[in-house]
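Trainee: Take a look at this one; I'll ask things after.
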Amino acid sequence: MIELLLLVVLGVGVAGYFLLTVPRWRLCYLSTPFFAFFKRVLPPLSPTEREAMEAGTVWWDGELFSGKPDWQALHRFPKPQLREDEAQFIAEVVDPLLARLNDFSIINQHRDLPPEVWRYLADHGFFALIIPKEYGGKGFSNFANSTIVSRIATRSLSAAVTVMVPNSLGPGELLLHYGTPQQKEYWLPRLARGEEFPCFALTGPEAGSDAGAIPDKGVLCKGMWQGEEVIGIRLSWNKRYITLAPRATVLGLAFKLYDPDHLMGDVTEYGITCALIPTTHPGVQVGHRHFPMGQVFMNGPTWGDNVFIPLEWIIGGWPYAGKGWRMLVECLSAGRGISLPALGAACGHISTRTTSAYAYVRRQFGLSIGRFEGVQEALARIAGLTYQLEATRRLTTTGLDLGERPGIVTAIAKYHMTEQARLILNDAMDIHAGRAVQLGPNNYLGYHYMGIPIAITVEGANILTRNLMIFGQGATRCHPYVYREMEAAACADAQEGLLRFDALLAQHIRFALGNVGKGLLSGLSLGKFESSPVSGPTACYYRQLTRMSRALALCTDVSMLLLGGELKRREMLSARLGDVLSHLYMASATLKYYEDEGRQSADLPYLHYALRRSLWLMGLALQGVFDNLPTVPGMLLKRIIFPFGIRYRPVRDSTVSAICRDIMQPSALRDRISALCFWQEQEQDPIGRVELAFRAMLAVQPLEKRLHDAQKQGSLPPKLPLAELIPLAQTAGLVSEAEATALREAERLRYAALQVDSFAPGELEQMGCDRARES
Ligand SMILES: Cc1cc2nc3c(=O)[nH]c(=O)nc-3n(C[C@H](O)[C@H](O)[C@H](O)COP(=O)(O)OP(=O)(O)OC[C@H]3O[C@@H](n4cnc5c(N)ncnc54)[C@H](O)[C@@H]3O)c2cc1C
């Protein structure tokens, strides 16, 4: 039956092909009726959705949607590298600060960054990482910005968020792109010197995810400003969750602008507009602090009622009145690829460094827990996903540093890097068990675990990001034809629109038919004849990714054809297509990372883990698409793309074991995928203590084996604690004095690394009292 249908489809395809080649027939019998159909089923776009879609650029995501990604182009993207001044800043300014940061006391004692830390951050330009040098800022790259935020986050999420916000979506970023020369000259040097401290307020009680629906209102009117009557804006707003608001000296505010009396022209509703308002301006109210998941970065509400501001406070001046949504979307799309993904990467790096060591140090049933397969499964997930996180962080910031503003890529990075961080932290917590549950200065994971819902929620809550942004906007924007067809359909001159549509439709149908034919051939040959830019162990992945790129293009075309505007509401379906695009992106980032690092064989288990998992998840997502399209097209698509069934399988147990064998040893790769984790090589440092124990235990492993063998042969008694065994082994001449000392030291460090905090009666309560006194 299916085979018959396939034949019919192929027959229709061939007939259609001939129809395409005669332009007059095509225009008459194909394009004209299709143009009318297309206009009818076109997803209804709100103005804010349209602006979101039009903002930013299409980059590597466009290639992934093309059905034939140009892998050489991927390889040609530069390898991200820190400049000398950036590396120096991290070594000489960031690390000394981190050595002094104590997240437990920040959270429990101060409930704030200590005043000297605030001063240090301001004095050393942490709030001006992205402000160009000409305005007194650091002028760092996006890669450096992400590296710095990640590194701080491994020590303190609260400190990282404090640094992150002024360097992502906020007045600084908006001023840089849209500010008038006067605004730039006035604000940027002040922000760079840390004299002014910014926040940006968009969200309110009624408008969270649907930020375009903010009720905050500015009405053009006449008022007194510096002793003169001028046209200005009377503003009322009510915002909440605003990071840094309780401390900010300058408030970036998004509101809707109206001109009911037509003081500035014929327009009555201008739309979303952004302004910069000093928080000392009469009428600006900043409320009490929120307390997000126990993290203590500043966050709070702000409101104002009928506050008069002059027009020149609009960011970009009057020409930018009503352009706020586009400004925000463009800046958000860049920031979204840096800040929260940096937090995600930080969680991966700290979890890899600590959990790989702890899984070796912690023993139960007489073995390192990392030897148990159950633990290995979780440990390999931490390391394998961290490899992919780091790869995705690098590729995304590379794009931004190339000047791209790829909204879909950054949404993918935001969603998947924070979701992978959530998986990683769950695993890291499970492996550490009680050691990570008990809070205190020695706990290096618990507050990250508590803080991850913040990264999931902000800058586009994750469910919305997956379901609406990645595919909803991606499909139309990155697809080689759909967006241009939509533009043709929206053309004011219907005849011109039809002619443009006709030319595009011809290309589009050829593209779709090509994908059917090549998709079937590729499916029948299991992708073996797809081209790969490399030979060797990664070639098969390039072939499979090309195959999946074509599958995505084909499924997208069919879904759009069948569902039209309805696809937007079928979020479960479209999100699965978005998952395919996302995994194509992250898988390609992983291959690029492997290439950039010189194709080291040590990377291969991690690369296999990430690629196999991505392909498996793409297969699952596509199965979900086939199952939820109408039955016949769903079955046909499956037969074309996977004629022998979906053969992608989960990660192999052997790969899991290979990763665990590798990651529980010091190595260049382990250092690389935990390089962002700040730790000190000393016992006082909680991570340092576990790491030192790990190294000392590895160093005495041959000695331990010698004792163990002696126990098995009966020359030493069995089941004795090491402390009692060592003197016996010495007496028996099995270990020298120096070896006995090394064994004792390793055992001491091991025990120290297992310890958790406990608090004397009243000690925790005292922290509350100290806080009350401080405030
Ligand atoms: C700690 C913190 C700091 C913040 N800092 C700032 C800041 O500095 N400035 C600022 O302006 N805002 C800030 N925010 C606001 C943040 O951006 C919003 O919380 C976020 O946009 C989500 O809004 P909401 O919490 O009201 O969730 P809601 O909008 O109520 O959403 C609830 C759930 O529904 C889902 N959802 C909603 N619509 C859809 C849809 N169409 N399809 C699928 N799922 C959907 C969401 O994904 C979410 O899971 C901050 C928030 C927090 C928690």
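The values are calculated or read from the model by the stated rules, or taken from the named source; none is laboratory data. These numbers were taken from a predicted model, which means no experiment stands behind them. Glycine also receives a Cβ, built like all others from the backbone with ideal geometry; neighbour counts cover every protein chain displayed.
Trainee: Hey, can you tell me all the residues within segment 665-679 that are under 27 Å from the mean Cα position of the chain (by Cα) and of a type outside the set (Asp, Glu)?
Mentor: SER667, ALA668, LEU669, ARG670, ARG672, ILE673, SER674, ALA675, LEU676, CYS677, PHE678, TRP679
Trainee: Kindly establish whether LEU698 is surrounded by 16 or more Cβ atoms within 10 Å (Cβ to Cβ) and farther than 25 Å from LEU445 by Cβ.
Mentor: The answer is no for LEU698.
Trainee: With a cut-off of at least 1 residues that are surrounded by fewer than 24 Cβ atoms within 10 Å (Cβ to Cβ) and within 16 Å of the ligand (Cβ to nearest atom), name the helices (runs of 4 or more DSSP H) lying wholly within segment 358-468.
Mentor: Hits in segment 358-468: 407-432, 446-457.
Trainee: Taking the condition of being more than 28 Å from the chain's Cα centre (by Cα) and either within 16 Å of the ligand (Cβ to nearest atom) or on the phi > 0 side of the Ramachandran plot (or both), how many residues in segment 210-232 meet it?
Mentor: Counting residues in segment 210-232 that are more than 28 Å from the chain's Cα centre (by Cα) and either within 16 Å of the ligand (Cβ to nearest atom) or on the phi > 0 side of the Ramachandran plot (or both) gives 4.
Trainee: Mind telling me which of the residues VAL296, VAL329 ends up being β-branched (Val, Ile, Thr), buried (at least 22 other Cβ atoms within 10 Å of the Cβ) and within 12 Å of the ligand (Cβ to nearest atom)?
Mentor: Only one candidate passes the filter, namely VAL296.
Trainee: Then there is this: For segment 157-195, which positions are within 16 Å of the ligand (Cβ to nearest atom) and in a loop (DSSP other than H, G, I, E, B)?
Mentor: SER168, LEU169, GLY170
Trainee: Further question on the same structure: Answer yes or no: is there a residue in segment 200-209 that is away from the ligand (no atom under 12 Å from the Cβ), part of a strand (DSSP E or B) and modelled with pLDDT of 95 or more.
Mentor: no
Trainee: If you don't mind, another one. Limited to segment 411-462, what total is found for residues that are closer than 23 Å to VAL165 by Cα, of a type in the set (Val, Ile, Thr) and modelled with pLDDT of 95 or more?
Mentor: Going through segment 411-462 one residue at a time, the tally reaches 6.
Trainee: Looking at (1) within 13 Å of the ligand (Cβ to nearest atom); (2) assigned to a strand (DSSP E or B); (3) surrounded by 21 or more Cβ atoms within 10 Å (Cβ to Cβ), which one does ASN238 not meet, given that it meets all the others?
Mentor: (3) is the only condition that ASN238 fails.
Trainee: If you don't mind, another one. Among the helices (runs of 4 or more DSSP H) contained in segment 1-64, which hold 3 or more residues that are touching a helix residue (DSSP H, G or I) at 6+ places or on another chain (Cβ under 7 Å) and at pLDDT below 70?
Mentor: 2-21
Trainee: Among the candidates SER667, SER654, which residue alone is free of Cβ contacts under 8 Å to residues at least 40 places away in the same chain and surrounded by fewer than 21 Cβ atoms within 10 Å (Cβ to Cβ)?
Mentor: The unique qualifying residue is SER654.
Trainee: Continuing with the same structure: Could you tell me whether ILE408 is touching an Asp or Glu at 6+ places or on another chain (Cβ under 7 Å), among the β-branched types (Val, Ile, Thr), in contact (Cβ under 8 Å) with a residue 24 or more places away in the chain and farther than 28 Å from MET298 by Cβ?
Mentor: It is true that ILE408 is touching an Asp or Glu at 6+ places or on another chain (Cβ under 7 Å), among the β-branched types (Val, Ile, Thr), in contact (Cβ under 8 Å) with a residue 24 or more places away in the chain and farther than 28 Å from MET298 by Cβ.
Trainee: Within the bounds of segment 138-151, is there any residue that is over 23 Å from the mean Cα position of the chain (by Cα) and either crowded, with 16+ Cβ neighbours inside 10 Å or assigned to a loop (DSSP other than H, G, I, E, B) (or both)?
Mentor: yes
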